[in-house]
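The values are calculated or read from the model by the stated rules, or taken from the named source; none is laboratory data. Quantities reported herein were computed from a predicted structural model and do not represent experimental measurements. Backbone-built Cβ (ideal geometry, glycine too); neighbour counts: all protein chains shown. Areas reflect the complete protein model, heavy atoms only, side chains present, ligands, DNA and RNA absent. Shrake-Rupley method; radii C 1.70, N 1.55, O 1.52, S 1.80 Å.
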Amino acid sequence: TKPKDGAGNRKRIEAQTRKILETGAVPIMFGGDDSVPIPFITAFSKSPPITILQIDAHIDWREERYGERFGFSSTMRRASEQAHVWRIVQAGARGLGSAREREVVAAKQWGAHIFTSLHMHRDGLAEILESIPEDSDCLITFDCDAMDTAEMQAVAHPSPGGLSYSQVTGLIAGVAAKARIAGFAMVEFAPKKDINGAFAYTAARIAANVIGHIARQV
């Protein structure tokens, strides 16, 4: 990819993801910022309808930001416009940015199921997992800033009150127990902020957890 070629990069991501899907494999993407899931999700247009589980500190429903409609604040808004996306479940929201009141209203009017990190700390994971349909194809997009700063500081915009490693892996396990993980994207890891490699290890453990669940899928 080329850092300054957003449109070209989107085409490359979509094309390569389609090639993986055509083989019957489950695509896994380790991205840059939280705009790269847009073409990743688009690539599923010829597959069965998907549910998206977004684990993120932000809901990303901006129509545009500084004139850019395919940026990191608009990921779920663009996903909602795609015919093969029939449900969006969002877990961990708490951060400033990517949504004002009108974006929250728009998300709920579309039918998005939004669960804040406070909800998860108070009420657990059960209600979120109930929102994932049985036997559905579920694409999980995980933004590293969903996690609490105590467990993940290597992100662009860390914020307190986030999810624990156990909550993230619990969500992934819960999805795998009732649905099929159709794809996984991990974004927003900032290596320059990972002083001793500890946060990269945490991110890698989450990725390995997902791969393990995918390997056991029938």
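A search for C-beta distances below 6 Å between a residue of segment 189-218 that is surrounded by 11 or more Cβ atoms within 10 Å (Cβ to Cβ) and any residue that is of a type in the set (Lys, Arg), counting only pairs 6+ apart in sequence or on different chains, returns GLN217/ARG180. Scanning for something at pLDDT 95 or above, within 27 Å of ALA215 (Cβ to Cβ) and charged (D, E, K, R), does segment 118-128 turn up at least one residue? No - not one qualifying residue is present in segment 118-128. Just one of (1) in a loop (DSSP other than H, G, I, E, B); (2) at pLDDT 95 or above; (3) not acidic (Asp, Glu) fails for PHE199. It is (1).
For the condition of a type in the set (Val, Ile, Thr), surrounded by 15 or more Cβ atoms within 10 Å (Cβ to Cβ), within 18 Å of ILE181 (Cα to Cα) and in contact with a helix residue (DSSP H, G or I) (Cβ under 8 Å, 6 or more places away or on another chain), ILE59 does not qualify. Which of the residues belonging to segment 54-73 are under 23 Å from MET147 (Cβ atoms) and in a loop (DSSP other than H, G, I, E, B)? Within segment 54-73, ASP56, ALA57, HIS58, ILE59, ASP60, TRP61, ARG62, GLY71, PHE72, SER73 qualify. Tallying residues that are without any contact (Cβ under 8 Å) to a residue 40 or more places away in the chain, surrounded by 11 or more Cβ atoms within 10 Å (Cβ to Cβ) and either touching a Leu at 6+ places or on another chain (Cβ under 8 Å) or more than 23 Å from ALA182 (Cβ to Cβ) (or both) within segment 2-28 yields 2. With the condition kept exactly as written, say whether any residue in segment 105-123 is surrounded by 15 or more Cβ atoms within 10 Å (Cβ to Cβ), among the aliphatic types (A, V, I, L, M) and outside any helix (DSSP H, G or I). Scanning segment 105-123 turns up at least one residue that is surrounded by 15 or more Cβ atoms within 10 Å (Cβ to Cβ), among the aliphatic types (A, V, I, L, M) and outside any helix (DSSP H, G or I).
Name the residue that is most open to solvent (accessible area, probe 1.4 Å), counting only residues in segment 29-53 that are outside any helix (DSSP H, G or I) and within 19 Å of ARG69 (Cα to Cα). Here the residue is ASP33. Only one of the listed residues (ILE88, ILE28, ILE55, ILE20) is over 22 Å from LEU118 (Cα atoms) and under 13 Å from the mean Cα position of the chain (by Cα). That residue is ILE28. Between a first residue in segment 98-112 that is closer than 10 Å to SER80 by Cα and a second residue that is surrounded by 13 or more Cβ atoms within 10 Å (Cβ to Cβ) and small (Gly, Ala, Ser), which pairs have beta carbons less than 6 Å apart while being 6 or more apart in sequence or on different chains? Pairs that qualify, where the first residue is closer than 10 Å to SER80 by Cα and the partner is surrounded by 13 or more Cβ atoms within 10 Å (Cβ to Cβ) and small (Gly, Ala, Ser), are TRP110/SER80. Taken over segment 126-175, the criterion of being open to solvent by 50 Å² or more (accessible area, probe 1.4 Å), charged (D, E, K, R) and assigned to a loop (DSSP other than H, G, I, E, B) is satisfied by GLU134, ASP135, GLU151.
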